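The values are calculated or read from the model by the stated rules, or taken from the named source; none is laboratory data. From a predicted model like this one, the values you see are computed outputs, not experimental measurements. Don't worry about glycine lacking a Cβ; one is built from the backbone with ideal geometry, like all the others, and counts go over all protein chains shown. Accessible surface is based on the protein model in full, side chains and every heavy atom, while ligands, DNA and RNA are left aside. Shrake-Rupley method; radii C 1.70, N 1.55, O 1.52, S 1.80 Å.
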Amino acid sequence: MEQTPDTRIEIERVAGPDLIREVAALAREIWTEHYTPIIGAGQVAYMLDRFQSDEAIAADIGNRGYRYDLIRAGTRPVGYAAYRADAAKDEVFLSKLYLAERFRGKGLSRRFLARIEETARLTGCSRIRLTVNKYNSLSIQAYVALGFSVKDAVVTDIGG
């Protein structure tokens, strides 16, 4: 992606209520567009309220040890990631990595992944683990292209 002054790409660590609100608003935009065809509007609403709200993100950061990063193109927020190092399991768990539709396929996931790999290195973790909805074929393809492999298929009750 060619960078101009208005498309400069920057990643910042999320801290404080203003950035948390930006992430929650971006989550609503991305999830509504991407996941409604996969899991339906009702499940999307449930997931947003339960896991992507201001309160849930604040709890992830404050109580659960997650780091959130927000990526911007110029001044516009266009994606975010959430991850947590677990030295006891020798892994960084990548909980969330989402990009607005028009910014997918432009190398931004690789930029997030480089930060997550650096976290793994700094915390002594040797692997990154994530989960993906089995019907989210585009994301699965993207993760495979980034070097991930499918290790297992599980069914997890997430409520709603």
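See the values below:
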| item | result |
| --- | --- |
| 3J(HN,Hα) from dihedral phi, segment 55-70, Karplus parametrisation 6.51/-1.76/1.60, rounded to Hz, x for glycine, proline | 5, 5, 5, 4, 5, 4, 6, x, 10, 10, x, 7, 9, 10, 10, 10 |
| Förster-model FRET efficiency, 35 Å R0, residue 126 and residue 101, C-beta, rounded to 0.05 | 0.60 |
| Computed P(r) (all Cα pairs; the chain; 10 Å bins; percent) | 10, 38, 41, 11, 0 |
| Residue (of 132, 58, 114) at the positive-pole extreme of the chain, dipole from beta-carbon charges | 114 |
| Ordering of 68-78, 10-20 by burial proxy (mean other Cβ atoms within 10 Å per residue, highest first) | 68-78, 10-20 |
| Formal net charge of residues neighbouring residue 16 (Cβ-Cβ distance under 13 Å; K, R +1; D, E -1) | -2 |
| FRET E, pair residue 13, residue 134, Förster distance 41 Å, beta-carbon r, rounded to 0.05 | 0.85 |
| The chain: calculated mean residue ellipticity at 222 nm from DSSP helix runs of at least 4, using -39500 (n - 2.57) | -14000 deg cm²/dmol |
| Neighbourhood net charge (13 Å Cβ-Cβ; Lys/Arg +1, Asp/Glu -1) for residue 86 | +4 |
| Heavy-atom SASA rank of 128, 57 (probe 1.4 Å, accessible area, largest first) | 128, 57 |
| Taking the C-alpha atoms of segment 77-160, convex hull volume expressed per residue in Å³ | 123 Å³ |
| Space enclosed by the convex hull of the alpha-carbon atoms of segment 26-70, per residue, Å³ | 72 Å³ |
